[in-house]
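What follows is one structure encoded as structure tokens, with my remarks underneath.
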Amino acid sequence: MGRGEFGRGPARRHGGRGDDASWGPAWLAARDYLRLLTVAPDRIRGCAHVACVLHFFDTSRNGTRRWRSMAACGNRAEASRHYAHTKDA
């Protein structure tokens, strides 16, 4: 292993450890996620829509938010439920 691969030094390889500027937002998101896990882990939830794999931080007053986005996931779930209800009628 060359110097710089895991430690300090000028050696950098293509596909390095994400120290170029394009990784900045990802590192900030990871840092903020870890902070939220220590401060309020009960407020980090997975979206209730079965097709959504994303998580969100619940900022609702009583902590009962279910959807990552009501406009996207919540609306799809409610539309599916409505369609199933009217189809049976």
- [ ] Express the relative contact order of segment 43-89 as a whole percentage, based on alpha carbon pairs under 8 Å and six or more residues apart in sequence.
- [x] 30
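In square nanometres, what is the average projected area of the Cα convex hull of segment 43-89? Can you show the working numbers first?
Numbers: hull surface 14.7 nm².
Orientation-averaged projected area of the Cα hull: 3.7 nm².
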- [ ] Compute the signed sum of charges (Lys and Arg +1, Asp and Glu -1) over the other residues within less than 9 Å, Cβ to Cβ, of C47.
- [x] +3
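Each value in this text was obtained by applying a stated rule to the coordinates, not by laboratory testing. The structure presented is a predicted model; accordingly, all values stated were derived computationally and were not measured. Virtual Cβ from ideal backbone geometry, glycine too; neighbours counted across all protein chains shown.
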